[in-house]
Amino acid sequence: MTQQRFFASTAVLAATTVLLTGAVSTVSTSKGWAEPLQPSPKQLVDKVWQVLDQNYVDGSFNRQDWKAVRQSYLGRSYSSKQQAYVAIQQMVAKLGDRYTEFIEPQAYTALNAEINGNLSGVGLQLAADEKTKAITVVAPIEKSPAATAGILSADVITKINGRSTQGMTIDEAVKQIKGVAGTKVVLTIRRGSQNLTFALTRANIALNPVSYRTQMTDAGKIGYIRLPEFTRTAPAEMNRAIVALEQQGVKGYVLDLRSDPGGLLDASLKIASMWMSQKPIVSLVDRQAVRKQYATDGRALTDKPLVVLVDNGSASASEILAGALQDNGRALLVGTRTFGKGLVQAVQPLGDGSAIKLTIAKYYTPSGRDINSVGITPDFVVELTANQKKALVQKQQVATAADPQYAKAVSSLGQLIQARTAAAN
């Protein structure tokens with residue numbers, strides 16, 4: 001039985017990878033499947049069919065006769081793996097699920113690098129718009145070429161090096177955008193009624209899972225923690241940040257999850273446990289309606305007041321954490337409505353260096369909210385225009401007094417701190 005990971009993230013990173021979210025587990029495969037070291041093209045097609053047959057969240061397979069689909073594709077002759085890859089992509093497309101996709105070997109190698117926090121490219125997290133299928137920016141990675149150039153969440157990529165993206169899949173877009181550090185790619189962006197052109201130079205991108213600092217406010221010293229992605233190292237980094245800030249005597253925290261597209265589910269569970277003790281985090285429901293509940297493990301590192309910043313680039317694992325903190329009354333949320341991805345994916349390696357990413361479950365917040373395609377509404381909504389976002393990034397004023405969302409988070413935290421102090425007296 002091969003290993004796979006559970007994910008709760010947006011689709012693909014133009015920084016060369018699929019962005020993941022999950023804990024190590026296994027997916028079931030046919031008992032009769034003896035996986036060869038190098039499966040033949042036809043065996044590869046059949047393996048993908050079996051993985052989907054036994055694990056895909058929708059038992060109707062998008063109202064497809066799934067057994068007939070298998071007969072159709074296994075009835076073909078394949079003279080190369082590339083032919084098998086094309087067939088697999090066609091088969092997967094029948095599910096009509098933008099989060100279920102075939103990952104070719106090069107992209108899967110990059111995916112594993114992403115999990116470990118190593119990237120190269122322009123630093124864009126991408127998703128296909130649910131209605132229009134347009135290639136849409138979920139969020140740029142901090143300090144990446146894309147972020148520095150001013151590309152924003154919700155921007156639509158209409159051309160890559162002059163080639164239209166109409167009808168292009170996420171995987172195809174990634175292949176066009178990624179490349180060796182130092183090389184260039186030109187993206188044409190639609191932002192509202194504007195058409196913008198960005199000439200980007202690809203680079204090696206250092207992912208710093210957690211950064212933190214202190215700030216003096218009218219309510220006393222507070223801690224600010226920025227979590228850009230739920231990587232494998234993020235829990236340890238978050239632990240160090242909270243411990244360090246506690247030692248510095250902060251009275252409360254602002255946790256910034258803006259433009260955080262998700263990552264490892266296991267990381268989100270561990271981080272939630274640092275903020276809450278003995279509380280539910282999330283429920284996963286598979287196609288058999290089997291519900292698996294996750295709760296905090298152990299004792300929280302702090303119980304001090306907490307405000308969480310979110311926006312439309314906060315997706316998946318970010319929404320799991322934010323939803324759990326909000327539902328349990330542990331934190332106030334400030335910003336704008338989150339992305340709205342309430343589905344969990346698993347990635348199954350296929351034996352030839354490729355893999356299949358498939359949706360295996362829906363998830364619900366502790367109060368039972370289904371946030372898929374809806375998102376999470378903050379307790380305090382603070383909108384930013386595209387020009388405001390661009391100016392904050394270019395002037396390096398994100399999470400400063402010039403940032404309206406951050407300013408609201410700080411003022412809200414001050415009120416929580418004062419209320420806690422009054423209650424203690």
Dividing the mean separation of Cα pairs under 8 Å (6+ apart) by the residue count of the stretch 198-347 yields a relative contact order in percent of 21
Applying a 10 Å radius around every beta-carbon, put 270-277, 218-225 in order of their mean neighbour count, most first. 270-277, 218-225
With a 23 Å threshold on alpha-carbon distance, the violating pairs from Lys178/Lys270; Lys133/Lys395; Lys94/Lys131; Lys81/Lys362; Lys133/Lys178 are Lys178/Lys270; Lys133/Lys395; Lys81/Lys362
Estimated [θ] at 222 nm from DSSP helical runs (n ≥ 4, -39500 (n - 2.57)) normalised by residues in the chain, nearest 500: -9000 deg cm²/dmol
Report the label-to-label distance for Ser60 and Arg420 in nanometres (one decimal), using points 7 Å from each Cα along the Cα→Cβ vector. 4.8
In whole Å, how far is the Cα centre of the stretch 142-197 from that of the stretch 244-265? 30
Any idea what Rg and Dmax come out to for the chain if you just take the C-alpha atoms, in Å? 21.8, 78
Compare Gly262, Gly313, Gly96 in a GNM of the chain, Cα atoms joined below 10 Å, and give the one with the largest fluctuation. Gly96
Of Ser316, Ser373, Ser193, the most mobile residue in a GNM of the chain (C-alpha springs, cutoff 10 Å) is Ser193
Fewest first, what order do Val180, Val122 take by the number of other Cβ atoms within 10 Å? Val180, Val122
Once you keep just the Cα pairs under 8 angstrom separated by 6 or more residues, what percentage relative contact order results for the chain? 19
What do you get for trypsin sites (Lys or Arg not before Pro) in the stretch 358-414 restricted to DSSP loop and a cutoff of at most 14 other Cβ within 10 Å of the site's Cβ? Lys395
Under a 10 Å cutoff between Cα atoms, tell me which one of Thr385, Thr214, Thr233 has the largest fluctuation in the Gaussian network model of the chain. Thr385
How big is the dipole moment of the chain about its Cα centre under a simple scheme where the beta carbon of each Lys and Arg is +1, that of each Asp and Glu is -1, and everything else is neutral? Debye, nearest 20, please. 340
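Bear in mind these aren't lab numbers, they're just calculated from the coordinates by the rules spelled out. Note that the structure is predicted; figures quoted are calculated from it, not measured. Virtual Cβ from ideal backbone geometry, glycine too; neighbours counted across all protein chains shown.
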